[in-house]
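The structure under discussion appears below in the form of structure tokens.
The values are calculated or read from the model by the stated rules, or taken from the named source; none is laboratory data. Keep in mind the model is a prediction, meaning the values are calculated, not measured. Cβ: placed from backbone, ideal geometry, glycine included. Neighbour counts: every protein chain shown.
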Amino acid sequence: MYNPNTGVWIENAKEDFTEHFETTYYLKYNLEKAIYSLEKIMKEKIDFSEFSNRCVYYHFYVDNLLNAIGHIRRRFFNNNANQERIERNKKEYNYILINEQGKEIYNYPIIGDNSIRNFIEHIDEKDEKLMDIGMYYGSFNVIYKGMNQQMKINLLNDKNKQNNLLNLLTKEYKILTVQDEKVKEYKLNLIELKKELEKMKLINDKIWNYLTYHIF
């Protein structure tokens, strides 16, 4: 098992390298998928000629990003998986830190929050609830530099809050949803998310290099 605090690999006679390799590979794949999608989203100049319009381009990569984050999260929070494996993953990636007061602090709070991922996965149900209370004002929308000013004003109007909005000017993705019979808004800071993904990738690269050297 890898110790992220010392950078040392702790040998364990019971270590299942095959299982460990599987976990490391899929974390590696989804970390690359998430970072790639983020780079596509935050690119200054984009080519959306393969899509019907600009919105579809961004919608595609936002969904790709959230899908990858969901798969990453499951490697740290999954009641249906072997819990020893889950706990090892948390330790290897320094997922939980203990502060001076003895309180647990999550090292990857954005990746660990499943609220927005859940919204995307159940978009039809979530939108239906918004429609039922008269708070559905459109599908996926994007605010970007150089767009029509009036359209931008309309999308940012607090009276008609968008339920699915990517703001490239503030580097935020925002959703509006109904949860526990209450309307709630969630924001995803893309800059901070990239920092978390890159931090996790540094550890994943070290584990990947060790395992591939010892298995093959």
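Residues in the stretch 5-27 include none that are surrounded by 14 or more Cβ atoms within 10 Å (Cβ to Cβ) and under 23 Å from residue 143 (Cα atoms). State whether the residues of the stretch 32-42 include one that is over 30 Å from residue 5 (Cβ atoms), surrounded by fewer than 18 Cβ atoms within 10 Å (Cβ to Cβ), touching a strand residue (DSSP E or B) at 6+ places or on another chain (Cβ under 8 Å) and not aromatic (Phe, Trp, Tyr). No, the conditions are met nowhere in the stretch 32-42. Put simply, of 39, 22 the only residue that is closer than 24 Å to residue 165 by Cβ and out of contact with any Cys (no Cβ under 8 Å at 6 or more places or on another chain) is 39. For the stretch 157-187, give me each residue that is of a type in the set (A, V, I, L, M, F, W, C) and within 14 Å of residue 142 (Cβ to Cβ). Answer for the stretch 157-187, where residues must be of a type in the set (A, V, I, L, M, F, W, C) and within 14 Å of residue 142 (Cβ to Cβ): 165, 166, 168, 169, 175. Return yes when residue 139 is closer than 30 Å to residue 56 by Cβ, out of contact with any helix residue (DSSP H, G or I) (no Cβ under 9 Å at 6 or more places or on another chain), surrounded by 12 or more Cβ atoms within 10 Å (Cβ to Cβ) and among the hydroxyl-bearing types (Ser, Thr, Tyr) and no when it is not. Spelling it out, it is not the case that residue 139 is closer than 30 Å to residue 56 by Cβ, out of contact with any helix residue (DSSP H, G or I) (no Cβ under 9 Å at 6 or more places or on another chain), surrounded by 12 or more Cβ atoms within 10 Å (Cβ to Cβ) and among the hydroxyl-bearing types (Ser, Thr, Tyr). Residues of the stretch 76-110 that are of a type in the set (S, T, N, Q) and either closer than 16 Å to residue 30 by Cβ or in contact with a Ser or Thr (Cβ under 9 Å, 6 or more places away or on another chain) (or both): 78, 89. Pairs linking a residue in the stretch 94-108 that is within 23 Å of residue 75 (Cα to Cα) to a residue that is of a type in the set (Val, Ile, Thr) and modelled with pLDDT under 80, with Cβ atoms under 8 Å and 6 or more positions apart or on different chains, are 104/98; 105/98.
Kindly list the number of the only condition in (1) polar (S, T, N, Q); (2) closer than 24 Å to residue 174 by Cβ; (3) touching a residue at least 24 places away in the same chain (Cβ under 8 Å) that fails for residue 89. Going through the list (1) polar (S, T, N, Q); (2) closer than 24 Å to residue 174 by Cβ; (3) touching a residue at least 24 places away in the same chain (Cβ under 8 Å), residue 89 breaks only (2). Residues in the stretch 166-196 that are modelled with pLDDT of 95 or more, aliphatic (A, V, I, L, M) and surrounded by 14 or more Cβ atoms within 10 Å (Cβ to Cβ): 166, 168, 188, 190, 193.
Would you be able to say whether some residue in the stretch 28-36 is more than 19 Å from residue 114 (Cα to Cα), outside any helix (DSSP H, G or I) and hydroxyl-bearing (Ser, Thr, Tyr)? No, the stretch 28-36 contains no residue that is more than 19 Å from residue 114 (Cα to Cα), outside any helix (DSSP H, G or I) and hydroxyl-bearing (Ser, Thr, Tyr).
On the stretch given as the stretch 43-81, residues that are surrounded by fewer than 11 Cβ atoms within 10 Å (Cβ to Cβ) and more than 20 Å from residue 108 (Cα to Cα) total 8.
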